[in-house]
Amino acid sequence: MSFHPLILALETSCDETAVALCDGDGSILAAVLSSQIPEHQPYGGVVPELASRNHLTRIRPLIREALALAGVTLAEVDAFAATAGPGLASSLLIGNTTAKALALSFAKPFIAVNHLEGHLLSPFLGHAGGIQPGVALIVSGGHTLLLHLRGSGDYPLLGRTRDDAAGEAFDKVARMLGLPYPGGPEIDRAARSGDPRAFDFPRSMKDSGDFAFSFSGLKTSMFYLLPTLGETAAARLPDLCASFQEAVVDVLVSKTLAAARHLGAKHVSVSGGVSCNTRLRQVFTERCARAGLTLHLAAPAHSTDNAAMIAFAALHRFRASQFTPLDADIDPNLALGVTGART
Ligand code: KG4
Ligand code: ZN
């Protein structure tokens, strides 16, 4: 009988405090999360000092809750994992130090996880077929990356955003439109009753011939359009949201499919908070089917920040005996897929 490790993972890279337990076949035994959105909403974005203080008070009750849900004790855990970056330094430190302290006191290994690797592997969480090599798009609030997923730990970078991340563009445009933080889900909702062809927003770098992205021009274009609409802007909110969203989705899907063609890939995976977007999911589904590509979308609960994806990534590190020394530091700028980068 093979050994089935039990992994406890903590995620505190930004404004979600999350804890998950996963077993050796990748099954998530418990996943709990405390969102800080209501605390940060009045400021229109994440306030780092507030985020780290909230992580500190919430992490221990959440660990207890996860253990109770899974019906296990700390002594039964075989490895303690935590996100080591990228993210906010003061937030990363809470989960990272907690996991190291647990590893030290129970004499078990510690596994540092790259948050982006968590997102990258999340579409395969709970899939019997395991990780499928292909083209992987990560679209979150802080990152927009296109990678060649060749296997566990092997992710050459194809392209990334030159300026704003896709989620950042959603959040900034939502703010211009007077919508609350985080703006992505608000735009998604408002766009449902809008016409995606009402306004012609630029598709920056769609035909640039490489796999880089740029979203700041789109944001600027919204900034200059709004005053020209005057009093009618409020009534055009659904059309503005639908048209903006269509431009983002068009570029993301077109470039991902171009990368799949370029590499002769058969599988496409999409992860990160923006992969919750209804229109993005719909267009990816339609265009991958037409192109004969198998699409792997992260489940919505695994798209935005969560600890299940960190536990799943840690499990792959555990299987490869890739443990992390306790004196390893966090890295707020930890990269993924870049030659020479720690992953
Ligand atoms: O992955 P995530 O939770 O955090 C980061 O690692 O950045 O992503 C959060 C981002 C935010 O920018 C949020 O507005 C965006 O994901 N988001 C969405 C949707 N749900 C979340 N963007 C568009 N449509 C959505 N439905
Ligand atoms: Zn994230």
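The values are calculated or read from the model by the stated rules, or taken from the named source; none is laboratory data. All values derive from a computational prediction rather than experimental measurement. Positions of Cβ are generated from backbone atoms using ideal geometry, with glycine treated the same way; all protein chains shown enter the neighbour counts. Note: areas computed on protein heavy atoms with side chains; ligands, DNA, RNA excluded. Shrake-Rupley method; radii C 1.70, N 1.55, O 1.52, S 1.80 Å.
Per-structure values
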quantity: Those strands (runs of 3 or more DSSP E) lying entirely in region 1-100 with at least 1 residues among the hydrophobic types (A, V, I, L, M, F, W, C) and under 21 Å from residue 143 (Cα atoms); calculated: 7-11, 16-22, 79-85
quantity: Total residues in region 141-153, condition over 21 Å from residue 210 (Cβ atoms) and either within 16 Å of ligand 2 (Cβ to nearest atom) or at pLDDT 95 or above (or both); calculated: 2
quantity: Per-region count, region 240-263, residues surrounded by fewer than 19 Cβ atoms within 10 Å (Cβ to Cβ) and farther than 25 Å from residue 134 by Cα; calculated: 0
quantity: Any chance residue 112 is of a type in the set (Gly, Ala, Ser), part of a strand (DSSP E or B) and away from ligand 1 (no atom under 16 Å from the Cβ); calculated: yes
quantity: Unmet requirement for residue 229, which otherwise passes all of (1) modelled with pLDDT of 95 or more; (2) in a loop (DSSP other than H, G, I, E, B); calculated: (2)
quantity: Selection within region 264-322 - open to solvent by less than 10 Å² (accessible area, probe 1.4 Å), in a loop (DSSP other than H, G, I, E, B) and hydrophobic (A, V, I, L, M, F, W, C); calculated: 298, 307
quantity: Cβ pairs under 6 Å, 6+ apart, first in region 137-150 and more than 8 Å from ligand 1 (Cβ to nearest atom), second charged (D, E, K, R); calculated: 145/160
quantity: Only listed residue being without any contact (Cβ under 8 Å) to a residue 24 or more places away in the chain, more than 18 Å from residue 252 (Cα to Cα) and surrounded by 19 or more Cβ atoms within 10 Å (Cβ to Cβ), chosen from 121, 179; calculated: 179
quantity: Qualifying residue in region 105-113 (condition: farther than 25 Å from residue 75 by Cα, within 16 Å of ligand 2 (Cβ to nearest atom) and open to solvent by less than 10 Å² (accessible area, probe 1.4 Å)); calculated: no
